[in-house]
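For reference, the structure discussed in these notes is given below.
The values are calculated or read from the model by the stated rules, or taken from the named source; none is laboratory data. Being a predicted model, the structure only gives us computed values, none of them experimental. Don't worry about glycine lacking a Cβ; one is built from the backbone with ideal geometry, like all the others, and counts go over all protein chains shown. Please note that ligands, DNA and RNA were not included when accessible areas were found on the heavy atoms of the full protein model with its side chains. Shrake-Rupley method; radii C 1.70, N 1.55, O 1.52, S 1.80 Å.
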Amino acid sequence: MRFFHQAARRAAVLLLCLSMLTGMLIPAFAATTDPATETPAHNLVYTDNQDENHDPIYKVWLTDDGVSGGSGETEDGYVVDLIYAGATPEFRFSSEKPTEPVVLTVYERYEGESAVAAKTYTLSELKALAQTEVVGYQHWKNGSEKVIASNLYATVGSLLADAGVEFGAGDAVTAADPTDFTSTLTYEDSGVYKYYVNEDGATEVPAAILLSWSTGSGTPEDIAKTAYISGSLRFAYGITEQQYADQSAQGKRLASNVVTLTVTHPERVVLTVYEQDEGGEAREVKSYKPSELATLATEGVAGYQFWKGTNAQLVAATEYVTVNDLLTDAGVTFSDLDTLKAAAADGFSSELTYAGNETYRYYITEDGKTEVPAILALTWASGSGTLEEVAAAAKNTGSLRFCYGISEQQYADQSAQGKRLASNIATITVVHGTKAEEPWVNPFRDVTESDWFYDDVRFANQNGLFNGVEKDLFAPEEPMTRGMLVTVLWRLNGETAPKTATTFTDVDANAYYADAVAWAAESGVVNGIGGNKFDPEGNVTREQIAAILFRYASLKGVDTAARADLTAFPDAEKTSAYAHDALSWAVAAELVKGTKEGSTIYLDPQGSATRAQVAAILSRYAQNIVK
């Protein structure tokens, strides 16, 4: 690169400064020459382009002999090249036109999360979006009205639409300069601060990024005559009529030297907790926004190690939510046989079993080991060095990182991998494992594999719903009492403790079914037989079973809308009115299938139900209705 001599440089400084102020063509100056060839530079002119420092780029016309290599482009017999003007302008020769620099970046972010670049713009790209109708923006300084007028500007609306960024209710747009001076306009305010006001009335003006502008006193049309592209983008929006009356609008809201435009949306859900039974569908339990996670957060330094080859690395968290605190808040248990899965939106995930949580729980150094909890890190950093050194660089970027410790053996082997410490976590799912079913040893000598009710009795006994009348007797053909039935339902419900003792006068407080009857009565599952009596020792009829089970299903939120046509049974008319809907549902749900006598199937609503029949009905309910 070759430079002009000192005298020419001083002359160039003056001319370039004039060009930046006026935007006008600079006359030819024959005295300026290339020191190597003494070839005169015949002309110098200001252009709209800028370099990476936002300084103007100038175009120079040189004779063929004065250009090393040459660009190949000619005008009026001269070769055209570009010249840059920096803080101390110099002439620099180049055979290639430089890439036009980015002058504005549009970002999008959600409250509590990091901003993401949506699109960048060069000046040429902004010009392609620009409007040329003159607009004015007012402010007052020491009681004097000032106007910023523009004749080349991109509206905030058109700019955000082009960048693919939505701007709606609850949002705010912020313009910032390189020193982080900002000006912010909310979506709601954009519909209020939108006027240029004078004695003739109010004219709507758009919120905009001004490319060519000038400031002064007078009408926008007069001031716009001196507007030019200085390289400083200006963020501007209007005033209200009240501000005009009060002369209260300030100039600092009209930020200059703008390099970024950021739309901030209200905070959104960043984490969802799910619960899932092994082999089943995941159920959403609770979702969290950043502010909600912050209320659960713990502050303090925690370290989580991994190795890349033989190089020790670590994640240092300074603000985090422990997995235990998160699941407790969500009401999800994490226990033996369970697995916790932390997944990012792209599907990448890391898993930790409950047993693993008891093993992989240390941060280890030569000085010893420290227990660290499994966490979701909110503020963290990753790198090599001491825990304190890495923690010093911790930031809240909006990326949730799942971390858990190592074992002593992993430290010795340097085998813990970094991919287990997954970042950008969006979901936490606890999968509840099931214990392998142990073979049932039939304790009842009156139940054999050839009996139609064998599987039903096995299920009821295996799941703690039914016991035998004696240690080795089930008594399948004996009638089921009302007290027995309510006790079985109570066990199915988890043996919920009643709030008060039963008020039925025929229920002994010391009877095995006392708590079950009290719970069933206060839950609306049973109503008694009248006269404040329950008749716990009375045999339960088939329609009573249907009615009680129908109410229990409704209590548990089961859909009980299905109905069957009971007239298919020859004895359907024997069904009591109170039990008709319940029995119709029970038949539709295939809980009650009728009793066969010869070739005819009867509903037998008034017949006493045997223990085997009740075991079959409840087995079907537990396995097919609430599966």
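Screening segment 304-330 for residues that are of a type in the set (D, E, K, R) and in contact with a Ser or Thr (Cβ under 8 Å, 6 or more places away or on another chain) and picking the one that is most open to solvent (accessible area, probe 1.4 Å) gives ASP325.
Applying the selection to segment 332-371, what residues are open to solvent by less than 20 Å² (accessible area, probe 1.4 Å) and of a type outside the set (Asp, Glu)?
Looking only at segment 332-371, we keep the residues that are open to solvent by less than 20 Å² (accessible area, probe 1.4 Å), and these are 332, 338, 340, 342-344, 350, 352, 356, 364.
Once the filter is applied, which keeps residues that are open to solvent by less than 20 Å² (accessible area, probe 1.4 Å) and of a type outside the set (Asp, Glu), segment 332-371 yields VAL332, LEU340, ALA342, ALA343, ALA344, SER350, LEU352, GLY356, ILE364.
Here PHE569 clears all of (1) touching a strand residue (DSSP E or B) at 6+ places or on another chain (Cβ under 8 Å); (2) modelled with pLDDT under 90 except the condition numbered (2). Please tell me if VAL263 is at pLDDT 95 or above and part of a strand (DSSP E or B). The answer is yes for VAL263.
Select the strands (runs of 3 or more DSSP E) contained entirely in segment 114-159, then report the ones holding at least 1 residues which are within 30 Å of TRP380 (Cα to Cα) and of a type in the set (D, E, K, R). Write out each step before concluding.
On the way: elements: 116-122, 135-141, 144-155.
In segment 114-159, the matching strands (runs of 3 or more DSSP E) lie at 116-122.
Of the residues in segment 532-555, none is surrounded by fewer than 19 Cβ atoms within 10 Å (Cβ to Cβ), modelled with pLDDT under 90, assigned to a loop (DSSP other than H, G, I, E, B) and of a type in the set (S, T, N, Q).
Of the residues screened, GLY356 is not one that is of a type outside the set (Asp, Glu) and not in a helix (DSSP H, G or I). Residue-level analysis places ALA514 among those that are farther than 26 Å from ILE625 by Cβ, in contact (Cβ under 8 Å) with a residue 12 or more places away in the chain, surrounded by 14 or more Cβ atoms within 10 Å (Cβ to Cβ) and within 51 Å of the chain's Cα centre (by Cα). Can you work out which of the residues in segment 180-220 that are free of Cβ contacts under 8 Å to residues at least 40 places away in the same chain and part of a loop (DSSP other than H, G, I, E, B) is most open to solvent (accessible area, probe 1.4 Å)? Filtering segment 180-220 for residues that are free of Cβ contacts under 8 Å to residues at least 40 places away in the same chain and part of a loop (DSSP other than H, G, I, E, B), the one most open to solvent (accessible area, probe 1.4 Å) comes out as GLU199. The lone criterion from (1) under 36 Å from the mean Cα position of the chain (by Cα); (2) of a type outside the set (Val, Ile, Thr); (3) at positive phi left unmet by LYS252 is number (3). Contact map, segment 580-602: first residue closer than 16 Å to ALA553 by Cβ, second residue surrounded by 22 or more Cβ atoms within 10 Å (Cβ to Cβ) and charged (D, E, K, R), Cβ cut-off under 8 Å, separation 6 or more or different chains; pairs are ALA582/GLU543; LEU583/ARG542; LEU583/GLU543; VAL592/ARG542.
Inside segment 590-627, can you point out the residues that are in a loop (DSSP other than H, G, I, E, B) and either among the hydroxyl-bearing types (Ser, Thr, Tyr) or open to solvent by 30 Å² or more (accessible area, probe 1.4 Å) (or both)? Within segment 590-627, GLU590, LYS593, GLY598, SER599, ASP604, GLN606, VAL626, LYS627 meet the criteria.
Answer yes or no: is there a residue in segment 413-421 that is of a type outside the set (S, T, N, Q), outside any helix (DSSP H, G or I) and either open to solvent by 70 Å² or more (accessible area, probe 1.4 Å) or on the phi > 0 side of the Ramachandran plot (or both). No: zero hits. Evaluation of THR505 against the conditions (1) among the hydroxyl-bearing types (Ser, Thr, Tyr); (2) closer than 30 Å to ASP277 by Cβ; (3) open to solvent by 40 Å² or more (accessible area, probe 1.4 Å) shows that the sole unmet condition is (2). As a summary of the residue check, ILE223 satisfies the conditions (1) touching a Gly at 6+ places or on another chain (Cβ under 6 Å); (2) open to solvent by 20 Å² or more (accessible area, probe 1.4 Å); (3) β-branched (Val, Ile, Thr) except for the one numbered (2).
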